[in-house]
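The structure under discussion appears below in the form of structure tokens.
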Amino acid sequence: MYSPPVPPRLELILQDCYGLNPKDHLTVLGENAYSVLSLPWEPWFQEWLQSSLDDLPPSAQVLAYELTLRLTNDEEIEELNAQYRGLKEPTDVLSFACLESDYPPPPLEVDPDPLYLGDIVISVPTAYRQAQEGGYDLSIELSWLAVHGFLHLLGWDHPDEDSLNRMVNQQAKLLKQVGATLPLSWENR
């Protein structure tokens, strides 16, 4: 098991871009428009990082990790989905991992710069619709999508049903650690 000398820290870059279309704030999200930024994003990701050390590059020299969480709208995520996945439709979450290939050799000395894990992009309006359809709070859907994207940054994938079940179980485990749960099973989504 990977065990650094001190727990690595996580630096989160939070980008609020879901208001690119002003009507997203008013007609789609209503009173929830400003609550998404007040969610405990950094503590959640820090906890998920501490629980996922085995999925990180095998180096005790990394003291910090960094990732970007971009909260956006359907138009922007549709453009990204078309460009990177060839699907001309909005989606709920996209992940762009920086560690998708073989890990570089561990540094010989402690590196003070954070190791960049990648980007997670979430469509807040899509998350809001999914939460409404499921009958639960937007924060639950956002946390589910964020942890899903985080696991993708760490190399998790779900090309078949068995790997999907393992990933969903890991998501549920990580969400439980931060006090969030998803009231619906993945099969109902």
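The values are calculated or read from the model by the stated rules, or taken from the named source; none is laboratory data. Since we're looking at a predicted model, the values are computed, not measured. No Cβ is skipped: glycine too gets one built from the backbone with ideal geometry, and neighbour counts run over all protein chains shown.
Quick notes
- Test: residue in region 159-170 that is touching a strand residue (DSSP E or B) at 6+ places or on another chain (Cβ under 7 Å) and either modelled with pLDDT under 90 or surrounded by fewer than 19 Cβ atoms within 10 Å (Cβ to Cβ) (or both): no
- Pairs with Cβ under 6 Å, 6+ apart, first in region 156-169 and touching a residue at least 12 places away in the same chain (Cβ under 8 Å), second assigned to a loop (DSSP other than H, G, I, E, B): LEU164/HIS158; MET167/TRP156; MET167/HIS158
- Residue match in region 21-40 (condition: at pLDDT 85 or above, among the charged types (D, E, K, R), within 21 Å of GLU141 (Cβ to Cβ) and part of a helix (DSSP H, G or I)): no
- The one condition from (1) loosely packed, with under 14 Cβ neighbours inside 10 Å; (2) at pLDDT 85 or above; (3) of a type outside the set (D, E, K, R) that PRO106 does not meet is (2).
- Against the test of being under 20 Å from ALA172 (Cα atoms) and either at pLDDT 90 or above or more than 16 Å from the chain's Cα centre (by Cα) (or both), the options SER143, SER101, SER139 yield a single qualifying residue, SER143.
- For region 171-182, a residue qualifies if it is buried (at least 18 other Cβ atoms within 10 Å of the Cβ) and either in a helix (DSSP H, G or I) or of a type in the set (Lys, Arg) (or both), and the qualifying residues are GLN171, LEU174, LEU175.
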